[in-house]
Every structure is written in C-alpha cells, then in structure tokens.
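Below is one structure, written out as structure tokens; comments come after it.
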Amino acid sequence: MDWLTVLFTSSAAVSAIAVLGLVAATGLALGRIPVAGVRLGVGGVLFSGLAAGHFGLGMDHHVLEFAREFGLILFVYAIGMQVGPGFVDSLRRRGLRLNAMAALIVLLGAGLAAVFHLTGLLPLPVAVGLYSGAVTNTPSLAAASQAFREVAPALAEAGISQAGLGYAVAYPFGIFGIILTMLLLRRIFGINPAEETRQLEALLQSQTPPLTAATIEVTLPAAFGRKLSELPQIADGSVVASRVMASGVVRPVGTDTVLAPGMLIHVVGRAEAADALCREVGHPSQEHLPALPGPLEVRRLIVTRPAAVGRTVPELGLGRGREVAVTRIIRSGTEFSPGPDVPLHWGDIVRCVGTAAALAGAERLVGNSTRDLANPHILPIFIGILLGTVLGSIPLPVPGLPTGVRLGVAGGPLLASILLSRLHHFGGLVWYLPQSANLLLREIGICLFLSCVGLAAGSRFLASVASGQGLVWLAAGAAITFVPLLAAGIIGRVFLRCNYASTCGLLAGAMTDPPALAFASQMLGGDAPASVYATVYPLAMILRIVTGQLLVLLLFTG
C-alpha cells in the first residue's frame, strides 16, 4: 500500500488532484446527510477539507493557491451570469422596498462584524470570516480573501487562513439560525402560514397576470369591413390574433384580414387588453377555435439560431402576412406578448400558429435545436473570464490607501459576467450559459475553493474552537446571523405590514440561502416565497461580495 501513501503525500500534481478529489467527494457526501431536516450541501466540502488538513493531508502551496483562485474565478463568473439578467429587473419589478430590507440585513451584519473588530473583540480576518460564515455566503469569503491579497500581500496567507477558520466556526449556526428566526417570528406574531401563503399568491397573481386566450365573435356593425391589423390592441402588440374562422374555415391572420359579421377571432394577451378588443368588435364566444377542424397547427419553437437573437418577431419575418402568428414568448418561465419592442433571447420559447409548411419556415428562422440549446458556448466563457481577470487587475483609487485597490479575481469576473449577461449578445457572440452548464461551473468552482480553504486551515481548526476564544467566535457569529434577521423580520411585520410568506422569502434571499428557502416552502406548503427570494437574491449576493471586500479595505490597518 506504499503507492497509496505516496499518491496522497507527494508534491506532484497527481497528488494534488487526488487530495482535491478525496476532499470534494467526501465533503459532498457529508453535505447530503440531513441534520434536523437540513443539509450542509456544498458547505460539507469545507468541513471535509478541515478534517483532511487536521490529519495531515495537504498539497503543494503553489498548486493549492492556483486551484483556489481558479475555483473562485469559475464560481463568481457563473454567479454573475446567473444573477446579472435579473439584477436591474429585481429593483424595478417589485419596487425598492424588498431590496431595501435585504440591503438592511446585509449592512447590519457587516456593521456588527466591523464593531466586533473595532472594539478589539476579534482580529479583522476572523471578523470577516465570521461574517461570511454567519450568512453562509462563500463568495463573500472569497472576495475578502482577495482583498487581503491586495492590501497586504505579505500577510495574505495568514489572513486567509484565519478567515477560513472563522467561516467554518460560524457556518453551522448560519444555516440553522435563519430557520430559527422564521419559527420565532411565526410564534411571536401568531401567524397562520396557510393564510399568509394564500394572500401572497393572490398578490403575486394580481401583479403579474398571466396571458389569457379568448375567442371573440365579430357582431358590431361598426367593426364590419375594418382590417384586423388596424385595431389598436392588435397594432400595439398588446393582443395577438393567431387565427380566424369565417364560413366554417380556419385560417391564419394576415395583413389583409378584414372583419366580417359572425367571424370568430382567436386572440392571446393580457385579460384587460383582450376585453377591450372584445368590446370594440363584438362579444366573447364559447367556441374554441383550436378544437375546430382546419389546416393550422400549434408549435413551441426554441430560439437557438444566432441570427435570430436580438431581433424582434416582426424583424425576423414572423407574424401577420407570413402565415405564422407568434402568440406568446416564454422566457425563464414568464409569458409575455411578442410586441415590436421585445427582442428575442437565446433559449426563448415562441408559441407559433400556422400551417405545417409555414411553421417549418419559422423553425428554420429561429433554430429550434435542443442540441444547440444544451451545448454551452465555450468561447464566450473564456473571453468573459479573460475580460474579468483584466478588469480585476486595474487599480482603482480608494481614499486613505496609498495604492490603488484592484477588484481581483473575485470582483473582476463577477462584474464582467454581470455586464455580459445583461448584453446577452455582443460582438457576434451569444453570452448565454445554459442552466446545467452554469450549475456545473459553479459547483466545480466552489468545491475547489472550499477544499483549498479547508486544507489550509485544518491544522488549527480544533484548537481554535476548543479555546476560550473559540467560544467568543461562536457567540459573535450567532449574533451576526440572528440580530439582523430578527430585526428585519420585526420591522417588516410591524411597520411595513409584510406578509409572512414574503418575509420568509426575503430572509432566505438576503442570506442567499437555498436550504432556508426549501424549509420555508415546505413549512408554508407552496412556492410563494421563491418569487421574493428571486427578487432580492441578485442584489443581496452582490452586496455580500462587496461588503466582504469593504470590511478588509476600510478596516485594515497593517
């Protein structure tokens, strides 16, 4: 068995791969074990690395540093590609109130960490590590680690190691603390979860009403002889007419379709716009055109042709006069009408109605290739990483510091991926990362990073926790977790009249904590908290990363 010992103790690259594989595999397995119904998830990799480091497993310092930094780059780039498209929209779609509450939670936690350091209770690296672990936010730890490299290269390794220890100490209560807060708020205010869920679901449905389909019979004399394309609701794109039936024959809508007595029109759009069109031409009909005989078909086509990305439905040559009607666009689970100002994105689903021959032509225009959709665009990924690395290397002046501060490998790729994901298509390239590819990059990156952090800090973890100072760390981490969450929950309930289901989604999103969201959804018996979670998650994630860096940049004294 000497060969096995050599494999895990030599300084060769193969040894590093074996150690990283062992730590990641055992950590992910550990993370799948439920404790009181909650799993550590990828956080188990950190504890696996700590255990491996404690028992003497390690790897060459330079290889460890490379693996840690490369894993960090992959992780933050994937995070940026995920949250980028929804970052600005999250501020507009639901207003600023929810995001302001999420920002309050983030800033209160960072403020407590700063106070603990400024009062002499905690060294800065430990305070930063406790802050990141208490909110279970690994990107914050990664950003702070990079900031240490910028402001104090000579002390960076010791600082990163201490931060990793603080993160590991605070992480367990960070996971359970948010669940305890939800349960405590429920008990304090005597909340009925089922009723709160129904209220939130009704509110969400009223704010984003789904598209509706209707059949309208033309009966008003004032409408006879008018072109369908001239009706205001059709012209502005708020309603799409997919087909008509006259004299028992179903046919697609064209630019020359003229309204006639008794004609049936099948339309798709928001309910209020469809009702307005109905009042203008006739009355609702109980007939159901899709079920009537005719030559038309309905298909869902996926946009996978680069030439179609960024162009609107009319610019692409679909719509009236083409024997194909696009009734709706589905993007990330949201349906909306294909108006003249709505460009198509890679991966959009367009619902089309037309003859078989016309739909075949539409398919050629949009692509509709599931294989192309599943294949990640590798060239944009590496270009994005390169741009992010360059951006992170640019020194930025900060008042009070003798030299400029760089965003580093945590901030640069994150900012680059957010900007590129917002552009979606640029320079002839599609900056789209399939969800499966995004998750793969993100999980590989975070596993590499946490493995290396654990390995570097493992030799001192148990000694730190068992000491009297370790108990102080535990108490400080619990305060950073619990105080901001409870304060925000009470403020939201008492002063802002926040719905409990909305509050649970807010707390989970502000902590960027998927296990907490899963617990809230299970407790409330529905997915209502998920919409609030998605609304505040992008801003919360970015603020967690920024505050992790700012704590180091503003409080480091050398």
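Numbers below:
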item: Unmet criterion (only one of (1) aliphatic (A, V, I, L, M); (2) assigned to a strand (DSSP E or B); (3) modelled with pLDDT under 80) for V342; result: (2)
item: Failed item in (1) modelled with pLDDT of 75 or more; (2) among the small types (G, A, S); (3) under 24 Å from L373 (Cα atoms), with S451 passing the rest; result: (3)
item: Leading residue by the ranking (surrounded by the most Cβ atoms within 10 Å (Cβ to Cβ)) among those in the range 139-153 that are among the hydrophobic types (A, V, I, L, M, F, W, C) and closer than 18 Å to S393 by Cα; result: A142
item: Residue within the range 121-135 that is touching a helix residue (DSSP H, G or I) at 6+ places or on another chain (Cβ under 6 Å), modelled with pLDDT under 85 and among the polar types (S, T, N, Q) present; result: no
item: From A103, A16, A29, residue being open to solvent by less than 50 Å² (accessible area, probe 1.4 Å), modelled with pLDDT of 85 or more and either more than 19 Å from L455 (Cα to Cα) or in a helix (DSSP H, G or I) (or both); result: A103
item: The range 216-244: number of residues that are β-branched (V, I, T), within 44 Å of the chain's Cα centre (by Cα) and more than 21 Å from P343 (Cβ to Cβ); result: 2
item: Cross-chain or 6+ apart pairs with Cβ under 6 Å, the range 435-449 first and under 17 Å from G44 (Cβ atoms), then of a type in the set (D, E) and outside any helix (DSSP H, G or I); result: none
item: Count - residues of the range 457-470 that are open to solvent by 40 Å² or more (accessible area, probe 1.4 Å), under 18 Å from L50 (Cβ atoms) and part of a helix (DSSP H, G or I); result: 7
item: Selection count where residues are surrounded by fewer than 17 Cβ atoms within 10 Å (Cβ to Cβ) and in contact with a helix residue (DSSP H, G or I) (Cβ under 9 Å, 6 or more places away or on another chain), scope the range 181-190; result: 4
item: Among residues of the range 120-138, those that are open to solvent by 10 Å² or more (accessible area, probe 1.4 Å) and either among the polar types (S, T, N, Q) or within 17 Å of I542 (Cα to Cα) (or both), counted; result: 2
item: Residue satisfying condition, being touching a helix residue (DSSP H, G or I) at 6+ places or on another chain (Cβ under 7 Å), farther than 26 Å from G177 by Cβ and modelled with pLDDT of 65 or more, within set G84, G41; result: G84
item: Pair list, Cβ < 6 Å and 6+ apart or interchain, from the range 14-31 residues that are farther than 18 Å from G458 by Cα to residues that are open to solvent by 20 Å² or more (accessible area, probe 1.4 Å) and of a type in the set (D, E); result: none
item: Residues satisfying the stated conditions in the range 526-538, i.e. acidic (D, E) and either under 13 Å from I79 (Cβ atoms) or modelled with pLDDT of 80 or more (or both); result: none
item: Residue match in the range 200-216 (condition: at pLDDT below 75, assigned to a helix (DSSP H, G or I) and buried (at least 20 other Cβ atoms within 10 Å of the Cβ)); result: yes
item: Subset tally (residues that are at pLDDT below 85, crowded, with 17+ Cβ neighbours inside 10 Å and of a type outside the set (D, E)) for the range 54-72; result: 8
item: Hits in the range 347-388 (condition: among the hydroxyl-bearing types (S, T, Y) and open to solvent by less than 50 Å² (accessible area, probe 1.4 Å)); result: T355, S369
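Yes or no, residue by residue, for (1) open to solvent by less than 10 Å² (accessible area, probe 1.4 Å); (2) at pLDDT 75 or above; (3) in a helix (DSSP H, G or I); (4) closer than 20 Å to Y131 by Cα:
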residue	(1), (2), (3), (4)
A478	no, yes, yes, yes
L486	no, yes, yes, yes
G489	yes, yes, yes, yes
R493	no, yes, yes, no
L507	yes, yes, yes, yes
A520	yes, yes, yes, no
A540	yes, yes, yes, yes
V546	no, yes, yes, yes
L554	no, yes, yes, yes
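The values are calculated or read from the model by the stated rules, or taken from the named source; none is laboratory data. Keep in mind it's a predicted model, so treat the numbers as computed, not measured. As a convention, Cβ positions derive from the backbone with ideal geometry for all residues, glycine included, and neighbour counts pool all protein chains shown. Heavy atoms of the whole protein, side chains included, go into the accessibility calculation; ligands, DNA and RNA do not. Shrake-Rupley method; radii C 1.70, N 1.55, O 1.52, S 1.80 Å.
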